[in-house]
Amino acid sequence: MCALPASAKTFTVEIETIDDVLVRHGEVISVKSGTISAKTLGTIDGVNFKVNQFVHKDDILLTMKSKLNAANLEKSKAALKGIQADIQSATAIHKKTKKEYQSIHTLYKAKNSPVTLSEIEAIDARFESVKSTVRGLREKLRAGKMDVAIAEEAVANQTVRAPFDGYVLR
């Protein structure tokens, strides 16, 4: 047989209803905020958002139209094509002049050469002139490429993009 403990405690249990309401106080602050603006002047061409709309990073918010920027880009591209054509022409002349230069110098070194010193000086001067022209055109090409890049950047600046994910508030 089992022995019972000498003293025991008893409790009264009552059933009661507890409300399911929890009250919390806090403050919500944004992780990121910012003011954005266009980097260039122009006429607004399109607004691609509404107030309180969620946008993702790099979404286009606003597009602008500037005839000046578009014209500068086209002008820069046309100038670059002209420089490239000039380089092709000058390169062909350079190759021809180089062959002439080498031929005349080879003849001049030969025994009983019909080539005079004045002919050597003339071909040397012409060859140096052609090389200088090609160098100058290559420098113009570099500058022309920079002009196109600057004009492309100006056109790209006509687009305002979202810098990060978030809501547009104003």
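Going down the table (39/75; 81/131; 39/67; 77/98; 65/145; 98/145), which pairs top 26 Å between alpha carbons?
77/98; 98/145
May I ask you to give the solvent-accessible area per residue for the stretch 48-170, in square angstrom, as obtained with a 1.4 angstrom probe? The partial results should precede the final answer.
Values: 8720 Å² over 123 residues.
Heavy-atom SASA per residue in the stretch 48-170 reads 71 Å².
Can you compute the charge dipole magnitude of the chain about its Cα centre, using +1 on each Lys and Arg Cβ and -1 on each Asp and Glu Cβ, nothing else charged? Give it in debye, rounded to the nearest 20.
On the way: 26 positive and 20 negative charges, 308 e Å.
Taking the Cα centre of the chain as origin, the dipole is about 1480 debye.
Using only Cα atoms, find the angle between the long axis of helix 117-156 and the longest principal axis of the chain, and express it within 0 to 90 degrees, rounded to the nearest 10.
20 degrees
Quick check of the Kirkwood formula: for the stretch 55-165, what is the inverse mean of 1/r over all pairs of different Cα atoms, in Å?
Working: mean 1/r = 0.0559 Å⁻¹.
For the stretch 55-165, the Kirkwood estimate is 17.9 Å.
Tally up the carbon and sulfur contribution to the accessible surface of the chain as a whole percent, 1.4 Å probe, everything protein left in place.
Working: 8040 of 14330 Å².
That fraction is 56 percent.
Can you find, among 132, 55, 85, the residue farthest towards the positive end of the dipole of the chain? Put +1 on the C-beta of Lys and Arg, -1 on that of Asp and Glu.
132
Pairing the Cα long axis of helix 67-109 with the longest principal axis of the chain, what angle in degrees results, from 0 to 90 and rounded to the nearest 10?
Long axis of 67-109 versus the principal axis of the chain: about 40 degrees.
The values are calculated or read from the model by the stated rules, or taken from the named source; none is laboratory data. The shown structure was predicted, so the numbers you read here are calculated from the model rather than taken from an experiment. Here Cβ is always computed from backbone atoms with ideal geometry, including for glycine, and neighbour counts include all displayed protein chains. SASA here: full protein model, heavy atoms, side chains in, ligands and nucleic acids out. Shrake-Rupley method; radii C 1.70, N 1.55, O 1.52, S 1.80 Å.
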